[in-house]
Amino acid sequence: MKHELTCIVCPRGCLIQLVKEGDQYICSGNQCKRGEVYAIQEVTEPRRMLTTTVRIEGSKLKRLPVVTSKAILKEDVFKMIDILEKIVLYAPVQVNDVIVSNILDSGIDIIASRSIKKDA
Amino acid sequence: MKSYKCVIIGGGSAGLAAAIQLKKLNIDSLLIEKEEFLGGILNQCIHNGFGLTRFKEELTGPSYAERLVSEFMALGIEYHLESTVIHLNKDKTIEYINPQGVHKIQAESIVLALGARERTRGNIMIPGDRGAGIWTAGSAQKYLNMDGYCVGKKVFILGSGDIGLIMARRLTLAKAKVVGVAEIMPYSNGLTRNLVQCLYDFDIPLHLSTTITRINGNQRVESIELSRVDENLKPIPNSEFIVEVDAVLLSVGLIPDNIITEEAGIIMDPQTKGPRINQNYETSIPGIFACGNGLHIHDVVDYVSEEGDVVAQSVFDYLTQSSSVPESINVSGDANFIYVIPHVIDKNKAVKLKFRIRRPLKNVKVRVVSGDEVLMTLPKTQILPAEMEMIQIPLTLLQKVKSDLRLEIIV
């Protein structure tokens, strides 16, 4: 099996060739080690970082941007969105605060990606 | 009139970096920001992928902004929010307006970190009705990510630039249906990684060599007419098809925001739409420097902040050293290049050239030439118009340069 894929780990976007020989994957075209990890992951169990927002009250800003602590299974994206849509937070929030811990029993947390002050 | 060693116009990722670096060099500055918050466009770019170069980790836009803003605040640098510069003058006086009134200040040096504007429907002249629901991608992004409003339920996106692609995914996650993305060029204008994770992941169709030729709907957008285009980018007759939508997003390019720069009489580059600069990022008016998206459009924020750092050093040198006469070399690129900056460099200073090319190229060599002498050859497996490229020119090579430096593409 031969796969050609664009690495999405960083904006550099290396074009990676991945060949499976027996149980081994041979990876070329990547400029760093993370590219190889991504390529093998992508053809075996694709994962994505999820970024979205949740509702927040008590502040001038109406939405708090959040991010997953690690890449989640691609198939879990909309399941997590459904959970996050229902959340209402109250300011203040600190960057890196855990908003949902161990979401969907994935071992992954939903993290605040900025601080939001309480506004009178 | 109050006077400052340095005034920085713009509190985004370029201006903040410049202010921080200047303070570390013991230069006090005043930063002027037109919005009511610092951090600029990063605040609405909630996706991640920022900061790999500067902070050695992957951050979201708001986290990247918060890092810079925290550092800026901790240094106690003076700043004014909700303050818009209305005039920049040759004598380095600056007039700005804010809720407290109109102010005029004198600067010894100025950093232009002005950012960019989005091109609008007017810029690309799409015919049709003027119903509600036509947005630039960046405005729609701000409404969704900061205010919590989604601009439509059935959305079409014109332009495959990064903001358009990011918004295709973002709207999908907000449960809007993204019907498709059209790109007038025969290739995508966004980073490939964004094509993969924003369009392919959600089976959103990308129509290349296609554009919107009419928007229908008087009260609210009801449908759009799409047409295929020929190699001259002209719509092909009878290739039209209608798509029903309730909103249209335009992601058709950014333009450096240089109204005050032009008014000051600073010499501009018609390609970058930013000022012409030398190796110190100094404009045609000595002591006025430029960096970030106001200078030329970037695709990676880390390089925007890096330009802020470079400019801070230049301001420091300008304020503290007697000016030496540089041995100037003009820089240009062959027909494959949209632009190469800096426009003029000093023979006695190593420099990083930055450029963009016109069309995607594979397996080529970039050659650095002076007169008929080849100074450097760099093989490139792939270069894309969507990605700014950089070449570091070492001092030893520059000293061989005669009068000009030219970049060429060899197939």
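The values are calculated or read from the model by the stated rules, or taken from the named source; none is laboratory data. Computed from a predicted model, the values in this text were never measured in an experiment. All Cβ positions, even for glycine, are placed from backbone atoms using ideal geometry, and neighbour counts span all protein chains on display.
Taking the stretch B:253-287 as the range and being more than 22 Å from B:Cys6 (Cβ to Cβ) and touching a strand residue (DSSP E or B) at 6+ places or on another chain (Cβ under 7 Å) as the test, the residues that pass are B:Leu254, B:Ile255, B:Met268, B:Asp269, B:Gln271, B:Thr272, B:Lys273. When you look at B:Val411, is it more than 14 Å from chain A (Cβ to nearest Cβ), β-branched (Val, Ile, Thr) and surrounded by fewer than 17 Cβ atoms within 10 Å (Cβ to Cβ), yes or no? Yes: the conditions hold for B:Val411.
The residues of the stretch A:10-38 that are surrounded by fewer than 20 Cβ atoms within 10 Å (Cβ to Cβ) and among the aliphatic types (A, V, I, L, M), listed by number, are A:Leu15, A:Val19, A:Ile26, A:Val37. Given the structure, is B:Glu95 under 21 Å from the mean Cα position of the chain (by Cα) and among the acidic types (Asp, Glu)? For B:Glu95, the condition - under 21 Å from the mean Cα position of the chain (by Cα) and among the acidic types (Asp, Glu) - is not met.
Just to verify a result, which residue in the stretch B:56-73, among those that are part of a helix (DSSP H, G or I) and out of contact with any Leu (no Cβ under 6 Å at 6 or more places or on another chain), is farthest from the other protein chains (Cβ to nearest Cβ)?
B:Glu71
Where residues in the stretch A:1-20 are outside any strand (DSSP E or B) and of a type in the set (Val, Ile, Thr), which of them is farthest from the other protein chains (Cβ to nearest Cβ)? Checked the stretch A:1-20; the qualifying residue farthest from the other protein chains (Cβ to nearest Cβ) is A:Val9.
Residues in the stretch A:6-38 that are more than 16 Å from B:Glu58 (Cβ to Cβ) and either in contact (Cβ under 8 Å) with a residue 24 or more places away in the chain or of a type in the set (Asp, Glu) (or both): A:Leu18, A:Glu21, A:Asp23, A:Glu36. The set of residues from the stretch B:239-279 being of a type in the set (S, T, N, Q) and either crowded, with 21+ Cβ neighbours inside 10 Å or not in a loop (DSSP other than H, G, I, E, B) (or both) comprises B:Ser251, B:Asn258, B:Thr261, B:Thr272, B:Asn278, B:Gln279.
Would you call B:Thr84 over 30 Å from B:Arg170 (Cα atoms) and either modelled with pLDDT of 95 or more or surrounded by fewer than 21 Cβ atoms within 10 Å (Cβ to Cβ) (or both)? Here the answer is yes, as B:Thr84 does meet what is asked.
Taken across the stretch B:329-350, residues that are hydroxyl-bearing (Ser, Thr, Tyr), assigned to a strand (DSSP E or B) and within 14 Å of chain A (Cβ to nearest Cβ) do not occur at all.
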